[in-house]
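Working notes for the structure below.
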Amino acid sequence: MQLRLALEAAHMGTWEWDITNQRVIWSEKKEAMFGLEKGSFDGTYETFINCVHPEDRHFVHNQIQTVYQQGTEYDLEFRILMPDRSISWIISKGRVFRNPDGATVKMCGVDLDITNRKQAEL
């Protein structure tokens, strides 16, 4: 309960990618952050990557693959393309989880909308 309150207060969305079953789970806050209606995210990696700004997709996909293979921390800033075609900036942080054999089975993390900060920097 405290964790949920802390995430809500920080306006963070959570995500979990079950790599074994190829299923991505987003919190309601993350769906809202990406401009999606509650419960509309279909749980696929493809839908996620299609939300990423076209100019950032290759970078994001490559970084995810590196994290997946090397088991390093996931820490990215990238743009997303909202359903109304506006652009928002996201910072996404997470980590990889491996099974006892060393195979990557899951990635979990949090996202934060940093659009205001990025606009101020520009």
Legend entry - Cβ pairs under 7 Å, 6+ apart, first in segment 18-31 and outside any loop (DSSP other than H, G, I, E, B), second β-branched (Val, Ile, Thr) and surrounded by 15 or more Cβ atoms within 10 Å (Cβ to Cβ): LYS30/THR14
Inset, instruction - State which residue is farthest from PRO100 (Cα to Cα) when the search covers only segment 14-32 and only residues that are of a type outside the set (Val, Ile, Thr) and in contact with a Cys (Cβ under 8 Å, 6 or more places away or on another chain). - result: TRP15
Legend entry - Boolean, LEU81 is hydrophobic (A, V, I, L, M, F, W, C), closer than 25 Å to LEU122 by Cα and buried (at least 16 other Cβ atoms within 10 Å of the Cβ): yes
Inset, instruction - Can you confirm whether segment 35-55 contains a residue that is of a type in the set (Lys, Arg) and part of a strand (DSSP E or B)? - result: no
Inset, instruction - Filter segment 78-115 for residues that are over 18 Å from HIS61 (Cβ atoms), under 15 Å from the mean Cα position of the chain (by Cα), in a strand (DSSP E or B) and among the β-branched types (Val, Ile, Thr) and give the result. - result: VAL110
Inset, instruction - Please tell me if LEU36 is at pLDDT below 90, surrounded by 15 or more Cβ atoms within 10 Å (Cβ to Cβ) and of a type in the set (A, V, I, L, M). - result: no
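The values are calculated or read from the model by the stated rules, or taken from the named source; none is laboratory data. Being a predicted model, the structure only gives us computed values, none of them experimental. Please note: Cβ atoms are built from the backbone with ideal geometry, for glycine as well, and neighbour counts cover all protein chains shown.
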